[in-house]
Structures are given as structure tokens and as C-alpha cells.
1. Considering chain B as a Gaussian network with a 10 Å cut-off on Cα pairs, which listed residue, B:Glu230, B:Glu175, B:Glu92, attains the greatest mean-square fluctuation?
2. Testing the spin-label approximation: label points 7 Å from Cα along Cα→Cβ at B:Asp215 and C:Glu415. State their distance in nm.
3. Using R₀ = 30 Å, calculate the FRET efficiency as 1/(1 + (r/R₀)^6) where r is the Cβ-Cβ separation of A:Thr2 and C:Val177; round to 0.05.
4. Sticking with the crude label model, points 7 Å out along Cα→Cβ, report the distance from C:Asn204 to A:Lys237 in nm, one decimal please.
5. Most mobile of B:Gly248, B:Gly125, B:Gly147 per a Gaussian network model of chain B (Cα springs, under 10 Å)?
6. When the accessible area of region C:52-455 is computed with all protein chains present and a 1.4 Å probe, what percentage of it is carbon and sulfur?
7. Based on the Cβ-Cβ distance from C:Thr489 to C:Lys295, what FRET efficiency comes out when R0 is 25 Å, to the nearest 0.05?
8. Calculate the length of the line joining the C-alpha centroid of region A:153-207 to that of region A:93-110, in whole Å.
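The values are calculated or read from the model by the stated rules, or taken from the named source; none is laboratory data. What you see is a predicted model, and the numbers here were worked out from it, not measured in a lab. Positions of Cβ are backbone-derived with ideal geometry, glycine not excepted, and every protein chain shown enters the neighbour counts. Side chains are part of the model used for accessible areas, which takes the heavy atoms of the whole protein and leaves out ligands, DNA and RNA. Shrake-Rupley method; radii C 1.70, N 1.55, O 1.52, S 1.80 Å.
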Amino acid sequence: MTKVVTDVVCPFCGTLCDDLAITVSDDGKQIIDCQNACAIGAEKFLHTSAGHGRITRPRKRQPDGSYKEITYDEAIEYTAQMLAKAKKTLWYGWASTSCEAMAVGHKVAEKAGTMVDNCATVCHGSSLLAIQDVGVPSCTLGEVKNRADRVVFWGCNPAHAHPRHMSRYSIFPRGFFTTKGHKGRKIIVVDCRYTDTAKCADEFIQIDQSYDYEVLDAFRTVARGHDIPDVVGGVPKEKIIKAVETLKEGRFGVIFFGMGLTHTLGRNHNIDIAINLTRDLNDFTKFSIVAMRGHWNVTGSGQVLSWQYGFPYCVDLTRRTHARYQPGDTSSVDLLRRKEVDACICIASDIGAHFPIEATRHMAQIPSVCIDPHINLTTEISDVHIPVALVGVEVAGCAYRMDNVPMACRKVVDPPEGMLTDEELLEKVYVRLCEIMGDS
Amino acid sequence: MKTVTITMKNVPDLYLEGDMITPDQFAGKTNEEIAALRTYEGRETYCLGDNFEISGDAVGATPAETKIIVKGDCTKVKYIGMNMTAGEVVVEGSCDMYTGGWMKGGKLHVKGNVDSFSGLGMEGGEFTVDGNAGNFIGASYRGDWRGMQGGVLRVKGNVGSDIGTFMNGGTLIVEGNADVHIGTHAEGGTIIIKGNANRRIGGQMVKGTIYVYGDITYMMPGFQYTKDVELEVDGDKAVFAEYIGDLGERHSKSKGQVVYGKIYRKK
Amino acid sequence: MSEILIKNGHVFDVVSGVKGDAKDIAIKDGKIVDKVSSKAKTIDASGKTVMAGALDIHAHVAGPKVNLGRWFRPEDKWYRGQMRGGIVKETSRMEQGFSIPSVFRTGYCYGRMGYTFVMEAAMPPLYARHVHEEIHDTPIIDEAALPVFGNNWFVMEYLKEKDIQKTAAYIAWLMRVTKGYGIKVVNPGGTEAWGWGLNCLGINDEVPYFDITPAEITTGLIEANEYLGLPHSVHIHPNSLGDPGNNPVTIDTMKLAAKYKPNNKFGREQVLHMTHLQFHSYGGSGWGDFCSASKEIMDYVNKHKEITFDTGNVTLDETTTMTADGPFEHHLCALNHLKWCNVDVELETGSGVVPFIYSPNVFPCAVQWATGLELALLAKDPMRTMITTDHPNAGPFTRYPRVFKWLMSKKTRDEQMAAFKNSGKVADATILNELDREITLYELSQMTRAAPAKALGLSSTRGGLATGMDADVAIYDIDPTKMPTDPETIEKVFLNASYLLKNGEIVISDGQIVFENPKKMTFWVNAKAPENKQVNRDIREKFLRYYTVTQANYEVPDSYAPHPFVIETEANV
């Protein structure tokens, strides 16, 4: 008899859908079916059992460039020795592992005095910087579902990146005060191209690429009753005035934003001014703003780092008496690009796939370890690849949704025999590191 | 004033944190004591003497009587002149980030270039860079609403983006060109750009003054032209077009009049 | 097992009635005992003050808004010229942050001050897992958390029907699934109104769409609390926090409790705990004629045994305000223009975070400082009076010793009063100059130990040094026979205890943390209420239709609180 595990939390994106039903074979080893997930989420479950050449033991790169299988103990020894020797190790990633594993990892990082950074550094880090500058009036996604009658998507495309966002939270659901669902909401999409999300919009505002800051300034200026130039960033004045009126007339509005703001010209300033627009709109009605966080637990990494060290990413633990923080200096891409680090660990993320080539090149030239369940672009340029069990599928653990709501992710199947979890592996590295480094 | 010269002899593998290279830290110390000052490279600690040759007079008894000349390749040294309150530091070449960060007084002169975060949260003194500077010059530390508060920071070359963010006072002069985001969130102080300025000047500005001599690629929609005025700026007399803003931002009133941020564009 | 004898210390303990006499305290297996064998390890406490481990009844130390406060304020930590915390590394983990310390610093600093129990004052139920994750990572101190109920949709719907049994059944369920300790109420109805950008400023303002008032929410929750027989009473942050002239709202709120009697087996005598009362004790009609109303407030409190309170003392620091009172934080940011965070939580509550500088040069801040001290000095019953800073709202908890100093020394109060920029105007707006009282060490032990333990229903094991109680003991290097001592000494010794014992284990010895990870527990209350099928169905329904998490994923798994101390209660049916 197969069994069905219900209320499974999807470990793919920051939407963290928690209504998945996974059918598992009677021996508890194979995933047979996945219901309620989007296509991307379903794949994360289904591929584990599909025999996609899963690596189950650590591998070490040989002088000829090939990889040779090694034991976990050898991999742990390599990692601990590397940490003990390096003057400044970059430890990047964390977005696809559990908060429990992060807590153990930080213990190791603090002992070794490394840099600790997560995927926000190439994703919503600019949103974090903006929030540090001006704060953020926000809400949980259920507030949007139950109250929102004005929804703005600015520089994001949930139809592709967060496929169930629109049906669970933002456009279609009927809530307590929103019994008409989609019909009761005015949807505005602002983007430099016509996206699939824009197809659901009542109003699509196409702006010139990288003119978000100016257009948002125009929104604010209009909201305060001042005049603006006839065209701003490719958008006619009338269109801006009409949009501002629509927003002001709502009872509860929300702005969702994504990479279109975080990684275009000005970065954090785009979000900063979007937040200030949200703040201004609270003088007329109720408004919130929510970042469309990508990786499922990148938010959790920020949370754990913050309660332990007070900073959400780009944390510098090298002084060992106190943590420091200054994106631009302590951020992964800058550390690699400036050749400021002499060793690197990539965990639960992929430097090779996401970093600029000059940064990736330096990573390939220094001693490096990649801890990841799968083969990816980073494992192929690392000295040692340590595969681990898949969190949210083979291991339970805590993750934080894009609105910072924590979810206890479930274990659905066993990992392949003999595989360590992130938490177990890092605990072993810690024990070995303490032996090597003593009390220093 | 007494002068001590430190010369880079061993360039660090990574980057050296040289926040002790200030008259405040050197004053009253012998050359041996200066050589023993603690530096950091990554998580390791070293002595200043491991990387620098120390020579010259024994330094002055107080910071104000102390002059430091920094020679050799210091492109991998951060924090020179950080927190200095008096005296003088001259860097013969270029140095890295945070040069003159939180500087409170004295004179700091870098003959080459400096990197980002130099003059961060500067409160007083004179800081001159002969070459170019990076991003966030005279800006605030992350999250702080108290950016540059006083003093004069002059860059003779070009600067990067985000200069004068959350500036509340002092004068920031760029003789070359400046990239995007100039004086964002400023609530006081003066920024003078003698070359061209890229976009996003005075965004979310509450108060303060920005002068631009050259081109402005794209004016913020929240700024409105008011009138032409003749002004003397940093010794130059010229006619400027005055703009007030950022009209999208909050503004306080003084004696019944709304106080705006101002951009003056040289005609 | 382990035996310890604390010899010859000057003991201050309400439970055993000792007022500074030199006395030995014997400890065996984590409990206070009558005597120990000759093999016991001895600690010489002669010339020192010995008290039970202190309890903090109200602080924001763990959870979503605390952490938001941490990470959105990098300037609260490193840079700005000097480092603001964690210069010396005494412990294995770094200590970070001034106004909102990291979890490690929180645990270490409370330990250093002799505290062994801290109540996280506001847990949004949907974020309960986050609160428990942080509690789990905080060393040394025992902790508990109060879920917020004052703007909860279930509560408002049941109380609109005046159905106390359903309300109680729901509360019991929520406390169990979130591992909560008691009933917190923050700006009743006002935070729900803030869902639409509105507020409830008086106790009779109607909550939009819910056809109920703050007064009805408050009395209904008091009734449900006593029906359930919970160890703690309703713990309320009333409407209109921080507004000039808010004292009538505060007195109206306290009057709501007058007709109720406590009904519990834990020795608790109050039915309503008024938290951070300082923020609710203002006269005047605006910031110009802003003044203290501590006298009116304390005239009422002193006569009413059903009320307990904590002070919420302003410490004159740059700090970070954070509260589930969402509309208040919006209001505050309109005053100081600093960065503003807001988090509305579906069906339950909201919150806001704004940095704030209590500057001695700003008139209202100085009045707030005086008001908080006046409340404690006017209080006739130290067993109903507790000292807090509503950490970090009125100041960081690390300033408690400074508050003790002000309360224990009229001289330092006068000095501070004279140092204000508007000292004359401040003196006119307050009565602090007229109050000569100086709190004694015995009264301090009441306000920081016995009183909070009693108010929380923990007086059988905590807050005292009688035989059979938990061996949480703090020893301070202050000789009560040589009082008055230099006031600065008071601050210094209470900032760093000479010794701290937690459950009979030595955590601090000679002023140094020697054992960082003693056994620490999460206290929560498993309240039994008669099963109510309608409530169960309502819960299922609301999860299906309105929440964005499933009911199965809402509960805090046991693994999040691996060292629980569960208090079982029976409903008074």
C-alpha cells in the first residue's frame, strides 16, 4: 500500500506552499506522486526518486581534474583543515537548507572566524539594505488574501517565478473581506516588458528599463499633490496620475516587488523609494509592501544570522570578538572579485550559476568545498563536493516564507542509505575543527 | 609638529585593516611602540611593523602635533585615518576602503585614489583625495540616518555612486564626474559636482544643497525649476538655475515657509 | 548529587521573610534545602547581598519583531565611531547589539544581572515557531512567551456573542499549539482597526466590522482567564499608549477589572496586569503641556488589589521601540521621521518597530523618565510593583541597574533632573522632586523577584529562597550594613553579579560566566477546557478559508521547545 503524506511544505521557492500531498511507496523510499504543487515544486520531489545519477558520497578533485569518491570522514577532515588554515574563508549559500543546520554552521563559522553570506547577496540583499534605511510597512500574505483590494506587482513576474502566489495569496483567493476574489481587486503591473503576470492586470504600466526610481518618485510627487513632467521614464503623466488615484482609493493595498527593482540601476534605492511610496499611501489608506523572496529559505538564513549576530547577510565573523557588516565590502561577490578571501565553502546554493565570472574564477582558484545534494555548476569547480540529504524532502527542518512566517518542513522519504544531513555533517566538522584549533 | 613615516615593505596577501594609522593612535608612542600596534588581516592579527617600516622623528605628544606620512603600495590597506580627531595624515599613493571613515578633525590627504566608504559618517576635518574615489563617499553607515555631518571632503577626480547619502552637514566637493544617486535622503550639507552628474540627483532629499556645473543626464521628476540666481560656489562665480525638491518627500516648515532641498545647475 | 552552601550572605527574601540578616543558603540537586553535608562546595558571601534569581515579567527578547529590530538596525551595533556592544569576548559566542542584543548577548547579560527567568511579552501566534527558535538559542535564562489575543478574530467573534466558554476553549487550544504562557492584550481592538489604517483610542471605540469594543474584549478575556484558572492574569497594554492625556483611558481600563476575583491555584491575587504603566500615565492635551499623571494613576492602583503593574522606565538612551500596537508605531514615526517597520499578522495581530532617541534635551522624554520613576516611588505595595523598561521600548534591559540606582538614590535623581535641558519645565510637569523615598534592597528584591513570581503564578518555586524552591540565586557585591553606598556602586554591582546559580549550577563565579549552557527551560501552560465541538469546527473552517497555512502546519512541534516546563491547569467549570 502506498501512503500519502499531507500538509507537506514545498522546499522550492519563497512562497512555501504547505498543502502538498505526496504519495510515497509502501517501503517509504520512493516518491510516486506529488499533488497540489506547481510544476517546479513537483519536480523537486519527483526527481529524487527518479535515479538522476544522484551522488551519495563525497568526491575530491584530482590533479587531472577528475573526481574520486572519498569517505565522509575524509571530506570532513579536508573541510576542517581548510577552515583552520585559511586567514579568511567565505562561507556562502544557506538558502536551501534548514534553520537548524544554519545554527550549527554558524557555530563552526564563528569558531573559524569566517565570512557568512547567503543568496540575498545576489538577490534581495538590496531590499534588506533599503529596509535598513527606511523600514518597511508590511504584512503576512493572509492579510493580502483577506483584505487587499489593490495589488501592485512591480518588477516581478510571479506567473513564472512564484507560480502559486497569485492563486494562494494575491490575485484570485477569496478571503474574509474579499469575498469577490479577483473581481474585487484592482491589479496593477509595472514592468519594462509585458509579462504573463501582466495578463492578469487591470492596468499595465510599461516603463523604460532602469527608470523605476524616477517613476516611483513621480508617483510620490503626484500623491503629494505636485506636478510632474509630461513623461517620466516612458510613462505619460496621465497614466501616473490615474494609477495613484487607483491606489489611494483602495481600502487595503499591497506592492509586491522582485528582481526588476532589486537588480536594476540603483538597486536598494528603487526599493527604498517604493517603501516610501507605501509609507506615503498610509496617509490615505492602508498599504503594505512585500518582497518576492526567491529561494525557499533564504529568508530563514537572514533570520538566524540576525538573532545570532544582528545582521541578515554579509556577516564578517573574522574579528571573532564581534561581527561586522557592510555589503560592498563583506559581500560575497566583492570578496571574491577583490581576491579578499583565501578559501570558500558553498552550501545549499550555487556560486557557479549565479556569480559574475570574475568572482567565480577566484573561487575556482582557492581551496573550496561545496556542500549540496546535487551536482551543480559549483560542485564542478570545487576541490571537494560533499553531497547531503535533501532538506524538506528527506530531512525535516524549519524554513521561513517570504513574509517571514516560519514553517516546519516535513520529511517525506528517507535519504539514500548512509547519507549525512547538513546538520550532522556540520556538527562533525565542528567537533574536528575544535580538535584542530583548540581554544584559540 | 613631528613627522613619522611608515613605508609598506610587505604587501599583505589579502587586505590589511589599518584603523590604527591615525595621529590619535600614534601620538605619544615611540617608533617601536608604533610598530607593535595591532593590525588585522582576515582573522589573523599582526603588528604594524610586520608590514610597515617605521621611520622619522618620534611622534608628537598629542594627536594635533603628529603628522603621519604613508608610503609604498597601500592599495590593500583599509581604514587609514578612521576616527582621527586631529593632526595630519598624508598618503603618498592610493589606499583602500573606509579611508577617513568617521573622521572628526585634522587633515587627511591621499595623493592617489581611495575606494568605497571613504569619509563615511565624517564629522569634521579636511579630507582631500587627489585621484578618484569609489562609491558611498561621505555617506552614512548602513541603516544610519546620520551620514556626513561636517568637515570638507574634496575629491579631485571622479567618484562612484551613492555619494552623500543621508548627508546632514559639511561640504563634499567632486571636481570630476559623479555616478548615480547623489545626496539621496540628504537632510543638510552641501555637495558640489564640478563635472557631469549622472541620474538620480537629490532623490528623497529633505534639505541641503547640490551644485552641478556639468551635465545632468536625467532630472528627478520631483524637482521643479524656480528661478535663475547668481552665486559664488567654491570660489567660482556663475549663474545657476535653481530647482526645489524632492517634492515627493516630506519637508518641514521654518517661519511659515516650507524648506526644500535645492539643486543648482550651472547655466 | 551536587551540594552547595552559600555562607554568611546578607539574604533578602520575601518568601522566607529575611530582610538582610546574614544567613546560609543550602542547595542540593537544584533545590534550596535546610542543610547540606560537609562535602558541599562553599561560596563565601560574607559582606555580600544574596537574592533569588530575578524574574523579568515583560521584555521583548525573542520573535519576529525583535529580530526585525535587530537586523534593520545595523547602526545599533558596529561603527558610528565606536562599537556598541561585545568588546570583550568572555563567552564562546559573540555578543552583539546595544538596544536589541543578539540572543547570546540577551542570555549572557540577563545572567550577569542575576536574572534567571524572562517573559517574552508578545508572541504573534502565527510566528510562534520563530519565538521558540530564538528562545531555544538563548543561553542561561528560562523563558516563556505570552501569545497576543486582544485583536484575534476568534476572540472578538466569541466575545461579541458573550460566549466565555468558547473563548476559553479557543484560548486553551491556542496556548497549547503555540506553547504559550498566558493572555496578552495589546491595544485591544486597535490593532485590528489598524488593518484598515484606523485605531481604537478609548475603551468604548467600536472595532470596525467586529461590532465589539476594547472594554468588551478586555472583560471577556479576564473572565476567560479566570474560568481557565491560568497561572498569570490578563496582561494588558491598554489603548492610547504614549498619548498626552491618556491617563483616563488607563483608569477606565483598570476599572474594568474591579468586579473580578482571581480564581487560580497558583497564589496569584491580581486579575489584570498593567504593563509598562509609564507609557499610560500622562496628563496634558498635547506635547506642549505634556505632564506626568502618575499621582492619579497610583491613587487608583494603590487602592485596588486586583491590579499589578510594571513600570516601563525610560532610560534616556537611543533605543528601538517595538510593539504589537501597530498604529502607535505609525504615529511615532510621523513624530520622529525615522525608519518604520510594520507587520500585520492575518487574523491575529500586528506590530511595528521604530528607532527612538530618548534625549535628555527633549522635554517629553524627560517627563517620561520622571513619570516611570514616580510610579515605583508612589507604589505602596512593592508586591504589586515590578521594574521593567519594556525592553527595548523605553530602554534596553541592560539599563535595569541604572533604574535601580535612580530608585535607590534621591541624589542621582536630583542630579539627572538638574541636567535636563528644560529642567525647570520638566520639574513643573512632574512630581519627582517632591518624592524623597529611596527603594530599599528588600523592596528591590520584592519588585524584581517575589512580585513578578507571584504575578506569574510561579511563587511556589521562583522568586524566593525558602526550602524546596528552585536554587536560582544571585549574589551581589554590595554590603547592606554599609548603606547608603555610592549610587554608582549600585549600578555597577547589579550589572554584574558576583555569583549566579541556576538550578543549583554555578553559572557566574567571581563575576565571570563560567558555565554558559546550564539547563534552561521553556515554560508553557497546558490549559484544560471542556471540549467544544463548535470551536473545533470554527478553527478548521478559519484555517480552510482565511489562514495561509494549514492547521496541521500551525502547531509548534515539540522539537522547537525541547526542554519544556509544562504547567497544567483545570478550568473552573
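1. B:Glu230
2. If labels sit at B:Asp215 and C:Glu415, their model points lie 6.4 nm apart.
3. Numbers: r = 30 Å, r/R0 = 0.98.
FRET efficiency, A:Thr2 to C:Val177: 0.50.
4. Placing both labels 7 Å beyond Cα along the Cβ direction yields 5.1 nm.
5. The residue with the greatest mean-square fluctuation here is B:Gly248.
6. Working: 4810 of 9390 Å².
Taking all protein chains in place, region C:52-455 shows 51 percent carbon and sulfur surface.
7. Details: r = 31 Å, r/R0 = 1.25.
Efficiency, rounded to the nearest 0.05: 0.20.
8. Cα centres, region A:153-207 to region A:93-110: 34 Å.
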